[in-house]
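Written out below as structure tokens is the structure these notes cover.
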Amino acid sequence: MCGVAGVLRSTGTPPSEGEIAAMTAALAHRGPDGEGLRLFGSPAPWLALGQRRLAVIDREGGAQPMASADGSAWVVCNGEIYNHRELFGELAGLGFAARTRSDTEAVLLAWQAWGRECLPRLRGMFAFALVDFRRGELLLARDGQGIKPLYYRPLTGGLAFASELDALGKMDGPPPRASLRAVEHYLRYQYIPAPMTIFEGVFSLEPGCSVSATFGGCGPDGAGGIRDFRLEEPRRWHDPGFEPDPALEDDAAALEAVSEAVCGAVSAQLVSDVPLGLLLSGGVDSTLVAWAARRSVDGPLPAFAVGFELASASELEYARQAAKILGLDLHETVVAEDMLSLLPHLAAAQGQPFGDSSILPTWLLCRAARQGVTVALSGDGGDEAFGGYHTYANWLASGERPGCGPTLWENHVLTTPRPFREPLWKPEFRGSLSEPCPAYADAARRSCGFDALAHAQCMDMRTYLPGDILTKVDMASMTHALEVRPPLLDPQVLDVARRLPLSQRYREGLGGKAVLKRLLLAEGFSPEFVLRPKQGFAIPREHWFLPGTEASAMLRDLLDEPSSRLGELFSRNCIEDYLARHTHAYDLSGILWLLTVFGLWNVAHPGLEYA
């Protein structure tokens with residue numbers, strides 16, 4: 001686990017050691033255990049690779065950038081490849097001998113053996129850049145679910161990439177302009193859907209995609225100049241859909257298949273050379289992961305949970321119940337209202353505006369977990385994979401059925417509907433209000449032909465899951481150099497989830513995630529624990545923005561701060577009206593939170609030009 005960065009320039013000012021060092025320094029929080037820099041090209045460098053390392057597997061032999069045995073290929077990789085041992089065995093039979101125990105070397109050898117066909121063979125979470133001088137190619141690739149981030153910026157005759165947008169901001173040369181269109185999408189969804197970012201001409205590599213830059217003219221060691229640079233459009237290497245298996249209509253068969261897949265994924269992800277624990281919310285998903293982990297680990301297993309002083313917003317009591325039943329060593333963190341003071345720091349640390357308010361307790365949970373462990377397993381992805389969100393039940397009840405054009409699903413998940421966005425923007429900036437979101441339109445086309453619930457699940461797995469949930473966890477965890485692994489997004493778990501008939505995903509009396517709930521009930525958890533309404537991991541935001549509270553005062557102060565850009569882009573009267581009208585009964589805290597975060601982010605990133 002780490003942060004990666006790089007710059008390739010075939011024309012203009014060559015990459016320098018100072019430039020790549022500045023980019024990796026911006027990623028130091030992701031990798032406190034080591035730094036690696038490498039320049040390629042003679043007499044002048046044309047490629048720079050950098051990495052900050054969080055050493056988890058093969059702490060002695062896993063330094064990066066890592067070279068192949070013959071020096072013809074180099075890689076920087078963020079993530080974990082859980083089947084690297086199996087790959088080493090298979091590759092040895094093909095004549096490729098591993099020199100380390102590092103899972104990063106498995107990426108190199110798999111590339112040399114299979115080229116791009118190696119990507120579906122990598123079981124794990126990853127975002128990597130690999131340069132192959134013999135093939136004349138620089139490849140960027142991201143795992144199928146988008147667990148690990150990778151951003152890139154096409155240049156004239158070149159390409160730059162990094163694990164975080166702030167690292168790309170350390171490149172030499174003028175910064176890119178910020179995008180009003182991206183701000184409009186941020187207000188719609190509370191995040192900016194890939195491939196768009198807040199910056200014009202800077203992109204988020206989508207989950208299950210790769211992008212390749214080809215070049216010629218240099219030797220295996222990178223010596224000499226390069227010519228014929230070309231940057232291809234991103235290619236999608238992973239795009240599975242739902243294919244219900246009639247054999248899994250049988251309850252016993254479905255229960256066995258899910259149990260086996262979850263236990264296998266958790267077992268594979270328990271491998272670590274550093275201390276490991278669990279993130280435990282007390283919900284179905286994290287409890288299921290904890291149950292599977294307890295089956296594989298005999299000794300003490302630490303778990304970490306967060307709650308709120310406001311009891312109605314806290315699930316801490318359920319985390320305590322799960323920990324007691326499973327015999328876990330539970331560590332608790334309670335969030336108080338004064339924790340709002342952390343928000344300016346969190347907003348400043350984000351590469352772009354991110355408005356999911358649950359990042360606050362997630363950040364605190366990860367901070368607490370890092371004090372005891374370096375790796376933690378989470379329950380992320382269970383709702384999307386197995387159909388657990390309340391929005392799915394609402395969708396099914398609505399009777400709406402998707403087509404292959406613009407998605408109806410989008411209307412069910414908008415954070416801020418258009419009637420609230422339109423009066424917010426100043427008239428001269430309303431040009432993007434009617435523009436469809438390319439990410440949602442593309443996801444809708446790729447989610448055709450499934451049952452109504454599967455359509456909604458696919459939409460979330462292609463938009464909300466990578467853009468919001470996994471982005472939030474990556475930001476919150478890597479700020480503290482904590483590696484978080486989501487076993488419920490393991491390819492083998494998802495293979496079973498996508499074969500489940502509708503009756504195993506949603507059932508009257510059980511609701512969503514029916515098969516997961518039946519599994520916990522079968523393992524002795526009470527119906528009161530398993531079947532309670534889903535609560536989620538959100539702060540009591542509606543309480544925080546009541547008149548006279550700290551959050552409402554923070555937003556009013558930002559309105560008077562020119563660098564927040566709130567008064568420049570938005571109607572002050574509209575924001576004041578939303579603040580005055582917000583109550584528990586008429587909850588406007590969602591848009592108020594988004595505006596607060598956006599203002600704080602701009603204050604921390606002064607001087608941006610919006611276009």
With -39,500 (n - 2.57) per DSSP H segment of 4 or more residues and division by the full residue count of the chain, the 222 nm estimate, nearest 500 deg cm²/dmol, is -10500 deg cm²/dmol
Sparse-neighbour loop sites [chymotrypsin sites (Phe, Trp or Tyr not before Pro); the range 176-283; at most 14 other C-beta within 10 Å; DSSP]: none
Hydrophobic long helices for the chain, i.e. whole DSSP H runs reaching 18 angstrom or more by Cα along the axis with Kyte-Doolittle mean at least 1.0, come out as 589-604
Separation of alpha-carbon centers, the range 413-490 and the range 306-362, rounded to whole Å: 22 Å
Could you work out the relative contact order of the range 286-380, using alpha carbon pairs under 8 angstrom and six or more residues apart, expressed as a whole percent? 35 percent
Between His29 and Ala336, Cβ-based FRET efficiency (R0 22 Å, step 0.05) works out to 0.35
What's the FRET efficiency of Ala393 with Ala44 using the Cβ-Cβ distance as r and R₀ = 51 Å, to the nearest 0.05? 0.25
May I ask you to sort Cys448, Cys77, Cys366, Cys118 by Cβ crowding, counting other Cβ atoms within 10 Å and putting the fewest first? Cys448, Cys118, Cys366, Cys77
In the range 319-407, which GluC sites (Glu not before Pro) fall in coil by DSSP and have 16 or fewer other Cβ atoms within 10 Å? Glu400
Percent RCO, i.e. relative contact order, over the chain, from Cα pairs under 8 Å lying at least 6 residues apart: 15 percent
For the range 282-423, what class follows from the C-alpha gyration tensor (a ≥ b ≥ c being the square roots of its eigenvalues): rounded when a/c is under 1.5, otherwise prolate if a/b is larger than b/c, else oblate? oblate
Honestly the range 221-288 on the Cα gyration tensor test (a ≥ b ≥ c root eigenvalues; a/c under 1.5 rounded, otherwise a/b vs b/c for prolate or oblate) is just oblate
Give a quick list of GluC sites (Glu not before Pro) in the range 7-62 that DSSP marks as loop, anything other than H, G, I, E or B, with at most 15 other Cβ atoms within 10 Å. Glu60
For 425-435, 341-351, ranked highest to lowest by mean beta-carbon neighbours within 10 Å, the order is 341-351, 425-435
Which of [x] 46; [y] 17; [z] 60 is the computed percent of Cα pairs over 44 Å apart? It is [y]
Give me the one-decimal nm value for the distance between modelled label points at Ala580 and Thr100, 7 Å along each residue's Cα-to-Cβ direction. 6.2 nm
If you take the beta carbon distance between Arg135 and Val271 as r and set R0 to 41 Å, what does 1/(1 + (r/R0)^6) give as a FRET efficiency, to the nearest 0.05? 0.85
Taking the Cβ of Pro466 as the centre, find all other residues whose Cβ is under 12 Å away and add up their charges (Lys, Arg: +1; Asp, Glu: -1). -3
Under the definition of Cα pairs under 8 Å and six or more residues apart, what whole-number percent is the relative contact order of the range 483-611? 18 percent
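Since every read-out is calculated from the coordinates, none of them should be taken as a lab result. This one's a predicted model, so the numbers in the text were calculated from it and none came from an experiment. Note: ideal-geometry Cβ built from the backbone for every residue, glycine included; neighbour counts use all protein chains shown.
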